[in-house]
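The values are calculated or read from the model by the stated rules, or taken from the named source; none is laboratory data. Keep in mind the model is a prediction, meaning the values are calculated, not measured. Here the Cβ positions follow ideal geometry from the backbone for every residue, glycine too, while neighbour counts run over all protein chains shown.
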Amino acid sequence: MDVSRLAATLHVFQDSVQLRPLLDHPERIEEVAGWIWEEWQHLIPHEDVSSFTEAFRERLRPSGIGATVVAFWDETLAGVASLLADDLPIRPELTPWLAEVYVPPRFRHRGIGRRLVLRIMEEARAIPVPRLYLYTPDRETFYARMGWTLLERVSYAGRDQAVMQATFTP
């Protein structure tokens, strides 16, 4: 998969969106953690927003496994995505994972999610790893448009999930 070519073809709202490491914006950790907790608290019901906040603080890094990238639309926080060593407890042998991809509703359909995904894919390829994984209950088509393929379907947290992979060519 040619991640660079995919990224170069994305031109929607290029000038208005900037991607930056969360490390450069620690003042935004609580906001990002709040988004992630609100969106996915059903997957980890025993956790609260403070545990998500602490997890983001503990893994602040500029790149590589554990890195989180945030999108800004004219200095307004507009999205987030992370590269994690593990994300699906029932598949611990798969690593690394595209995770925590979230764009608030008012910023959707502007190419921000796609740019975040492509950025994390570039991070993974730079490590280098041969493949990257994700799981989603309902966004399979979104990821397939960027070259992701279905690995398997699993049941997790009471929902059917598509486990997908992006395979990188040397």
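A single member of 114, 61 is closer than 16 Å to residue 166 by Cα and either assigned to a loop (DSSP other than H, G, I, E, B) or out of contact with any Cys (no Cβ under 8 Å at 6 or more places or on another chain) (or both), and it is 114. Return the residues of the range 117-140 that are of a type outside the set (Lys, Arg), at pLDDT 95 or above and closer than 15 Å to residue 163 by Cβ; say none if nothing qualifies. Correct list: 132, 133, 134, 135, 136, 140.
When you look at residue 69, is it modelled with pLDDT of 95 or more, touching a Ser or Thr at 6+ places or on another chain (Cβ under 9 Å) and either outside any loop (DSSP other than H, G, I, E, B) or over 18 Å from residue 40 (Cβ atoms) (or both), yes or no? In short, yes.
The set of residues in the range 128-148 that are farther than 20 Å from residue 89 by Cβ and exposed (fewer than 14 other Cβ atoms within 10 Å of the Cβ) comprises 128, 130, 141, 144, 145. The condition of being in contact (Cβ under 8 Å) with a residue 60 or more places away in the chain and hydrophobic (A, V, I, L, M, F, W, C) holds for only one of 127, 120, that being 127. Determine if the range 68-85 includes at least one residue that is of a type in the set (Ser, Thr, Tyr) and free of Cβ contacts under 8 Å to residues at least 40 places away in the same chain. Yes, that holds for at least one residue. So residue 61 fits all but one of (1) among the basic types (Lys, Arg); (2) within 20 Å of residue 23 (Cα to Cα); (3) free of Cβ contacts under 8 Å to residues at least 12 places away in the same chain; what number is the exception? Against the list (1) among the basic types (Lys, Arg); (2) within 20 Å of residue 23 (Cα to Cα); (3) free of Cβ contacts under 8 Å to residues at least 12 places away in the same chain, residue 61 comes up short only on (3). The condition of being exposed (fewer than 14 other Cβ atoms within 10 Å of the Cβ), of a type outside the set (D, E, K, R) and either farther than 16 Å from residue 21 by Cβ or touching a Cys at 6+ places or on another chain (Cβ under 6 Å) (or both) holds for residue 76. Taking first residues from the range 30-44 that are modelled with pLDDT of 90 or more and partners that are assigned to a helix (DSSP H, G or I) and basic (Lys, Arg), the Cβ contacts under 9 Å between residues at least 6 apart in sequence or on separate chains come to 33/57.
Matching residues to (1) of a type outside the set (A, V, I, L, M, F, W, C); (2) under 20 Å from residue 135 (Cβ atoms); (3) buried (at least 21 other Cβ atoms within 10 Å of the Cβ):
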site	(1), (2), (3)
38	yes, yes, no
61	yes, no, no
65	no, yes, no
70	no, no, yes
81	no, yes, yes
105	yes, no, no
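Of note, residue 112 satisfies the criterion of being more than 11 Å from the chain's Cα centre (by Cα), closer than 21 Å to residue 20 by Cβ and at pLDDT 95 or above.
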